[in-house]
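Trainee: Structure incoming, see below.
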Amino acid sequence: MRAEHDGMLVVRAELCDRLDSLQRATAGMDVRDFAKAIGPIRTMAAAYGLIPLVCLADAFERAMRSQPRGCPAALYLDRMRDAIGCERSDDDAGTIMLASISVRLSA
């Protein structure tokens with residue numbers, strides 16, 4: 001059990017590093033490159049059962065493709081960071097995190 005927990009800590013740290021790299025690169029990327037950069041994060045999250053992060057990555061990519069200039073990247077990236085640390089890994093947790101973005105967007 002301890003080894004599994006330690007393994008997930010390593011996975012979460014790697015995802016945080018990837019998210020940091022993505023966040024640093026946001027200014028110079030076009031939508032297509034940004035979507036490609038989100039892909040490996042989503043794939044790794046899916047492989048380790050981090051469903052909330054998968055949901056947010058999907059939503060972020062859709063938002064960027066539909067409104068590249070109006071997409072609040074910082075908001076999505078912050079929630080993605082929250083999802084990396086989230087202990088729950090079910091669909092409901094992903095829905096709740098998506099709802100938090102909707103609330104902030106409508107405020």
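Read-outs throughout are calculated quantities, based only on the coordinates presented, and are distinct from any laboratory measurement. All of these numbers come straight from a predicted model, not from anything done at the bench. Neighbour counts are summed over all protein chains in view; Cβ atoms, including those assigned to glycine, are modelled from backbone coordinates with ideal geometry.
Trainee: Between the DSSP loop rule and a limit of at most 16 other Cβ atoms within 10 Å, which trypsin sites (Lys or Arg not before Pro) in region 28-78 are left? Could you put the intermediate results ahead of the total?
Mentor: Numbers: sites: ARG32, LYS36, ARG42, ARG62, ARG65, ARG69; in loops: ARG69.
Answer in residue order: ARG69.
Trainee: Three principal axis extents, largest first, for the C-alpha atoms of the chain, in Å?
Mentor: 45, 28, 17
Trainee: Tell me, what ³J(HN,Hα) does each residue in region 5-13 have, in order and in whole Hz, if you take phi through Karplus 6.51 cos²θ - 1.76 cosθ + 1.60 with θ = phi - 60° and put x for Gly and Pro?
Mentor: Using θ = phi - 60°, the values come out as 4, 5, x, 5, 4, 5, 4, 4, 5 Hz.
Trainee: If I stretch the segment between ASP30 and LEU75 completely, what's the gain in nm (0.36 nm per residue apart, minus their alpha carbon distance), one decimal?
Mentor: 14.4 nm
Trainee: Using a simple charge model, +1 on the beta-carbon of Lys and Arg, -1 on the beta-carbon of Asp and Glu, nothing else, what dipole does the chain show about its Cα centre, in debye to the nearest 20?
Mentor: 400
Trainee: How far is it, in nm, from the label point at ASP91 to the one at THR43 when both lie 7 Å from their Cα along the line to the Cβ?
Mentor: 2.5
Trainee: Using just the helices of the chain, give the 222 nm mean residue ellipticity in deg cm²/dmol: DSSP H runs with n ≥ 4 each add -39,500 (n - 2.57), and the total is spread over all residues, rounded to 500.
Mentor: That calculation yields -27000 deg cm²/dmol at 222 nm.
Trainee: Which part of region 1-39 falls in the paramagnetic zone of ARG65, meaning amide N under 11 Å from the point 7 Å along Cα-to-beta-carbon?
Mentor: Once the point is set 7 Å along Cα→Cβ of ARG65, 32, 35-36 turn out to lie under 11 Å by backbone N, inside region 1-39.
Trainee: Okay, moving on. Consider a paramagnetic label point 7 Å from the Cα of ASP58 along Cα→Cβ; state which residues of region 70-97 have an amide N under 13 Å from it.
Mentor: Counting backbone N atoms under 13 Å from the label point, the list is 90-96.
Trainee: Under the rule of at least 5 residues apart or a separate chain, name every residue whose amide H is placed under 5 Å from the amide H of CYS86.
Mentor: Under 5 Å from the amide H of CYS86 lies no amide H from a residue far enough along the sequence or on another chain.
Trainee: Which is farthest toward the positive dipole end of region 2-106 among CYS55, ILE101, ALA73, measuring Cα position about the Cα centre, with Cβ charges +1 (Lys, Arg) and -1 (Asp, Glu)?
Mentor: It is ALA73, whose Cα lies furthest towards the positive end.
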